[in-house]
1. Between the stretch 78-130 and the stretch 182-200, what's the alpha-carbon centroid distance in Å?
2. Calculate how steeply helix 113-126 sits against the longest principal axis of the alpha-carbon atoms of the chain, using the helix alpha-carbon long axis, and give the answer as 0 to 90 degrees to the nearest 10.
3. Express as a percent, rounded to the nearest 5, the fraction of DSSP beta bridges in the chain (both residues included) that run antiparallel.
4. Please work out, to two decimal places, the log10 of the ratio I(q)/I(0) at q = 0.12 Å⁻¹ from a Debye calculation in which every Cα of the chain carries one identical scatterer.
5. So between F274 and D161, what do we pick up on full extension, going 0.36 nm a residue minus the alpha carbon distance?
6. Using alpha-carbon pairs under 8 Å, 6+ residues apart, how would you state the relative contact order of the stretch 2-66 in percent?
7. Given N residues in the stretch 98-216, what is Rg(Cα) / (2.2 N^0.38 Å)?
8. Anything over 18 Å Cα to Cα? Flag those among K145/K211; K35/K145; K32/K86; K125/K211; K145/K183, in the order listed.
Amino acid sequence: MIIYQKIYQSQLNQNITIIRDDLYPSLGGGNKGRKIDSIGQEILDNSYKAVVTTGGIQSNHCRATAVFCAQHHLQCTLVLHGDKDKFLKESGNAKIMRMSGANIIFVDQPIDIGPTMDQAMCKYKDIGLKPYYLWGGGHNLQGGKAYIDAVQQLNSEVLIDYLFVACGTGSTQAGIMAGLSQKNMPCKVIGISVARNQQSAQEHVSNFYNKLCESFSIQRQHETIVLDDYLCGGYEQYNDELKKLSDDSIRDYGFALDTTYSGKAFLGMQQYIFKHNLQGNIVFWHTGGIFNFLA
Ligand SMILES: *Cc1c(COP(=O)(O)O)cnc(C)c1O
């Protein structure tokens, strides 16, 4: 299901089509809901009985995974990094994870994540529960395929010259690019990095786009573009301008733009349109983030 909303940006004199994937209908929505539904198919088809994954204390991915596991009676271990006291107090994704029944393990250092996930995998194997190892962010082929499939569902009346999307692990952007290639829609896909510098982000997206195209026999035709001008200092960092955009988002557009993902991408899009005086059909793929916004 794809929901569209048109907005008018008077400062830019531009109409923009918003793809409201923040309203994706299951697992709390957003791109992590869409990815986990696709990954979940592989989990169920192959009779896995447990899932081990990782993320931060407000991880959309861990929230969607925990809800999926609860719904399907799978064991779930979340290896979380960040402040445990905050996790126990905060609302948003943290609250949903706490209520999901998932087994939650905290690590102090990012370097401890891998070994802790490996241990959790072993524990499940030891008790005869076949565990599924899930990379942070739902970054795997099935997660990317969710977006190839989503693009196939786009209404053919929606014209796209430029498509903007937040870029973290890059599987959403790469999946959209692969989907557009499959559909033979030669537009510009512009990722706004939320964490990585341009070179590293473009490498990640490009490699994953290649992998998706190879795996699903798609002819590559999109250039990889990721911008890092709007990082505001890095992951989860923001400045006054981004804070204001986020605070005003409900009033201005009727949807939430969080400061970690969708707000950053939206601000990047606005500034890019302004800087390059972009004309044509502009689409913003809203990836979600309502629970970060509400935390
Ligand atoms: C994870 C996330 C992203 C980034 O998606 P990737 O596929 O990792 O690039 C963007 N927006 C929201 C709301 C997210 O949770």
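All of the numbers you see were taken from the coordinates with simple rules; none came from a lab. Keep in mind that this is a model prediction, so the values were computed, not measured. Cβ placement follows ideal geometry from the backbone for every residue including glycine, while neighbour counts extend to all protein chains displayed.
1. Here the two parts' Cα centres lie 31 Å apart.
2. In the chain, helix 113-126 runs at an angle near 50 degrees to the longest axis.
3. On the way: 6 of 39 bridges.
About 15 percent, rounded to the nearest 5.
4. -0.75
5. Values: separation 113, 0.36 × 113 = 40.68 nm, distance 1.57 nm.
Difference between extended and current length: 39.1 nm.
6. Details: 62 pairs, mean separation 15.6, N = 65.
Worked out over the stretch 2-66, it gives 24 percent.
7. Details: Rg = 17.6 Å, N = 119, 2.2 N^0.38 = 13.5 Å.
After normalising by residue count via 2.2 N^0.38 Å, the value is 1.30.
8. Numbers: K145/K211 11 Å; K35/K145 8 Å; K32/K86 22 Å; K125/K211 29 Å; K145/K183 14 Å.
Listed pairs above 18 Å: K32/K86; K125/K211.
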